[in-house]
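Contents: one structure, followed by commentary.
The values are calculated or read from the model by the stated rules, or taken from the named source; none is laboratory data. What you see is a predicted model; the values in this text were computed from it and never measured. Heads up, the Cβs are rebuilt from the backbone with ideal geometry, glycines too, and the neighbour counts pull from every protein chain shown. Ligands, DNA and RNA are excluded from the accessible area calculation, which covers all protein heavy atoms including side chains. Shrake-Rupley method; radii C 1.70, N 1.55, O 1.52, S 1.80 Å.
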Amino acid sequence: MKLLTTQETKDLEEQAIKSGMSEQGLIEEAGLAVAQEAWMLLGTLENRSIIILAGPGNNGSDGLVAARHLHDWGGNITIFTPNGRKSDQNIKELELRDLTLQKKYGEEIRTELETADLVIDSLLGVGKNRAFSENDPISDTLSTLQLARENPQPPKVLAVDMPSGVDSDTGAIEPQTVAADITVTFSTAKVGMYQLPASSVVGQIQVIDIGIPLPTDETPHLELLTSKWARNQLPNRPDDANKGTFGKLLIVGGSTQYRGAITLAGEGAYRAGAGLVTIASPLNVVDSIASNLIEATYLPVAESDGGIAGEAALFMSKLWANFNAVVLGPGLGQAETSQGFLWAALPDINNSVKNGTVLDADALNIISKMSNGKERIPKNSILTPHPGEMARLLDTSIEKIQENRLEAAKEAAQQFKATIVLKGAHTLIVNDNGSAMLSPFANPLLATAGSGDVLSGIMGAYLSQGHQPFQAASLAVYIHGAVGEKIGLEYGKSGLLANEIAKHLPKTVMELLIS
């Protein structure tokens, strides 16, 4: 499902009007859809008190059209316009029904808000482009609605297009923003709906087609990962397959301090269907972890300062070509010897590994320190930074990354000429061709040590089975998130061990296939 920015939404509406659709016609369709969703939310309109909070723009117009329909269907309608409105056809239609607009706001309407069954927020929608000023009528009204929502029997809230106060591009919200039970949006969902903190206040998202032509498939747009998309991307598993059919994956990393990371990556890879997983790690690490993942083959390499010695790059220079894909970084550590190994190994990987490379964890931290790190990134690479690692890669602050995660991921994809997986709530996947995917999942259960290592192993498995980097990364992110949702039904929001993510992978994939 495509997700649009505010400007992309406006551009589509303008194109639709230029092609012959009328603005009022679009408003009529939107308002009717809002009214229908309001009716379904309440179940019945008889003796139901419905308040419309209408802003001065087209979002307010949508609310006024909804008010007209809900009145005609039997609802008790009250309309407040905190900032007032100029007379137009929508107001004239209401006047024919003896419905008047009241320019009241804030504490003036507290009693009405507290006793309402439903409040329709059509104040701003995607039109919010500035912070609320002091004593702003809309801000005061939202603050009063917040108080009403704290009552034992609060009104339900339906937001039109977007809860007022939400930045529809970044997901930032104003303190006065009122969480909706349902947000009715038009044509497509908006980028900000799937960015925290906005994703926590939009409630159920209902996307309504009002006739505006959508962007063509050839136009790069951010898309939401869905179960249907993931199901169609799962690798084929022919009955006559052998382990070679599903690829050979090499996972490189591990150090004295971080022994478990590489095992978790291996478990994730095997559970995601990799045919053969080989783990390259210092000899002392291999000795301590081999019994934890007996299905893997092991490639002990020279150790120095607790990690992989620099000279191991020479030893492995002829071995990279034996593998379909590589995961490099889990538990690698940042010792100078490990930095030397990575610096020397990257060109060989670029020349030898066909399907692609996942660069994770300390591999990213080391690359961020290299003066020519960008130039040494192998072709067909996936970089998997969390916000801190992304900040180091782009030489900026975590705050700047989180202010606009999509733009940060796009910038990194262009700079590194790679697929970027910006981890966190609603993980983003972006490549340097402009394609972008967004995870629907924001699950604190997955915020546990080793979760990212399992994710990298899953990506490596899909690379080894022949998926392109962007496809492999997107599929891995969806499956990883789906596992978290499934386990969350049993665990809640905490207590998950990373190895349990790997164990639940096959069943989650099976359920996806039969859904």
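Pairs linking a residue in segment 338-363 that is crowded, with 18+ Cβ neighbours inside 10 Å to a residue that is among the aromatic types (Phe, Trp, Tyr) and assigned to a loop (DSSP other than H, G, I, E, B), with Cβ atoms under 7 Å and 6 or more positions apart or on different chains, are VAL353/PHE323. The single condition from (1) open to solvent by 20 Å² or more (accessible area, probe 1.4 Å); (2) within 27 Å of ASP167 (Cβ to Cβ) that ASP121 fails is (1). The set of residues in segment 289-336 that are closer than 22 Å to ILE377 by Cβ, free of Cβ contacts under 8 Å to residues at least 40 places away in the same chain, open to solvent by 70 Å² or more (accessible area, probe 1.4 Å) and part of a helix (DSSP H, G or I) comprises LEU314, GLU336. Does segment 257-287 hold any residues that are within 18 Å of GLN339 (Cβ to Cβ), of a type in the set (S, T, N, Q) and modelled with pLDDT of 95 or more, and which are they? Answer for segment 257-287, where residues must be within 18 Å of GLN339 (Cβ to Cβ), of a type in the set (S, T, N, Q) and modelled with pLDDT of 95 or more: just SER281.
Check segment 130-144 and report whether any residue there is without any contact (Cβ under 8 Å) to a residue 60 or more places away in the chain, within 21 Å of ASN404 (Cα to Cα) and buried (at least 24 other Cβ atoms within 10 Å of the Cβ). No; the residues of segment 130-144 include none that is without any contact (Cβ under 8 Å) to a residue 60 or more places away in the chain, within 21 Å of ASN404 (Cα to Cα) and buried (at least 24 other Cβ atoms within 10 Å of the Cβ). Of the listed requirements (1) under 17 Å from ALA67 (Cβ atoms); (2) touching a residue at least 24 places away in the same chain (Cβ under 8 Å), GLU95 misses just one: (2).
Out of VAL34, VAL65, report the one residue that is out of contact with any strand residue (DSSP E or B) (no Cβ under 7 Å at 6 or more places or on another chain), under 17 Å from ASP161 (Cβ atoms), open to solvent by less than 40 Å² (accessible area, probe 1.4 Å) and of a type in the set (Val, Ile, Thr). Don't jump to the end; show me each part of the working.
Details: VAL34 fails: out of contact with any strand residue (DSSP E or B) (no Cβ under 7 Å at 6 or more places or on another chain).
Within the list VAL34, VAL65, the selection yields VAL65.
Please work out which residue is modelled with the lowest pLDDT, limiting yourself to segment 220-243 and to residues that are open to solvent by 60 Å² or more (accessible area, probe 1.4 Å) and either under 23 Å from the mean Cα position of the chain (by Cα) or of a type in the set (Gly, Ala, Ser) (or both). Explain how you work it out, then say what you get.
So the first thing to find is which residues in segment 220-243 are open to solvent by 60 Å² or more (accessible area, probe 1.4 Å), and the list is 220, 228, 231-232, 236-237, 239-240, 242-243.
Still in the list and also either under 23 Å from the mean Cα position of the chain (by Cα) or of a type in the set (Gly, Ala, Ser) (or both): 220, 228, 231-232.
Details: PRO220: 70, LYS228: 96, ARG231: 97, ASN232: 96.
Of everything passing the filter in segment 220-243, PRO220 is modelled with the lowest pLDDT.
If you go through segment 375-402 and keep only what is outside any loop (DSSP other than H, G, I, E, B) and exposed (fewer than 15 other Cβ atoms within 10 Å of the Cβ), you end up with GLU375, GLY388, ILE398, GLU399, LYS400. The residues of segment 254-286 that are crowded, with 24+ Cβ neighbours inside 10 Å, of a type outside the set (Ser, Thr, Tyr) and within 28 Å of the chain's Cα centre (by Cα), listed by number, are ALA261, ILE262, LEU264, ALA265, GLY266, GLU267, GLY268, ALA269, ARG271, ALA272, ALA274. Filter segment 202-216 down to the residues that are touching a residue at least 40 places away in the same chain (Cβ under 8 Å) and part of a strand (DSSP E or B), then identify the one that is surrounded by the most Cβ atoms within 10 Å (Cβ to Cβ). Looking at the filtered set, the residue picked out is GLN206.
Filtering segment 184-201 to residues that are closer than 24 Å to SER515 by Cβ and either open to solvent by 10 Å² or more (accessible area, probe 1.4 Å) or more than 12 Å from the chain's Cα centre (by Cα) (or both) leaves THR188, ALA189, TYR194, SER199.
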